[in-house]
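In what follows, a single structure is set out as structure tokens and then discussed.
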Amino acid sequence: MESHQQWVTVMTQDEKQYFKELGSRLAQLRKEAGLTQVQLAEALGVSQQMVASYEVGRRRIPVSMLAALAQALKVQIDVLLGGTPKVQSRRGPASQLQRSIERISELPKPKQRFVIEMLETVLAQASR
């Protein structure tokens, strides 16, 4: 009969630091999403204590949980892992609207407010 050996690995100092930072980012993103540890735990199918362990870096977050975690927090996995969000970009030249918005953003603040007021007026009339 074969014996089943359970592999227990000890975290290196680098891993401890990484998971502590990841846990801190997880806690921040959870709070920004307006979720409690209990709510996040329910979304992930784990206990509140497990979420607390992840947030302080005591436990490793399984790779298999990253997609569900990012979805629950409404962020991209890159953001969860400490990267910057990817901006959806279109191919080809900027649209006329985009170019106009960029030009408006370069105007002095009083002129920007004037343009915004004009746009709001036109949009309000169009929705009637």
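The values are calculated or read from the model by the stated rules, or taken from the named source; none is laboratory data. Computed from a prediction, not measured in an experiment: that's the story for all the values here. Glycine gets a Cβ as well: all are built from the backbone with ideal geometry, and neighbour counts include every protein chain shown. Heads up: the accessible areas ignore ligands, DNA and RNA and are worked out on the full protein's heavy atoms, side chains in. Shrake-Rupley method; radii C 1.70, N 1.55, O 1.52, S 1.80 Å.
Brief remarks follow.
- Enumeration of residues in the stretch 1-21 that are farther than 20 Å from Leu66 by Cβ and either open to solvent by less than 100 Å² (accessible area, probe 1.4 Å) or at pLDDT 75 or above (or both): Val10, Thr12, Gln13
- Residue among Ser24, Ser127, Ser95 that alone is open to solvent by 60 Å² or more (accessible area, probe 1.4 Å), over 26 Å from the mean Cα position of the chain (by Cα) and either under 25 Å from Thr12 (Cα atoms) or not aliphatic (A, V, I, L, M) (or both): Ser127
- Count of residues meeting criterion [part of a helix (DSSP H, G or I) and open to solvent by 100 Å² or more (accessible area, probe 1.4 Å)] in the stretch 100-117: 6
- Residue match in the stretch 30-42 (condition: open to solvent by less than 100 Å² (accessible area, probe 1.4 Å), over 30 Å from Val10 (Cβ atoms) and in contact (Cβ under 8 Å) with a residue 40 or more places away in the chain): yes
- Lone qualifier among Val79, Val63 - being without any contact (Cβ under 8 Å) to a residue 60 or more places away in the chain and open to solvent by 50 Å² or more (accessible area, probe 1.4 Å): Val63
- Residues considered: Val122, Val87, Val115, Val79. Of these, the only one that is within 30 Å of Phe19 (Cβ to Cβ) and either modelled with pLDDT of 80 or more or touching a Lys or Arg at 6+ places or on another chain (Cβ under 6 Å) (or both) is Val79.
- Which listed residue is in contact with a Ser or Thr (Cβ under 9 Å, 6 or more places away or on another chain) and among the polar types (S, T, N, Q), from Gln112, Gln125: Gln112
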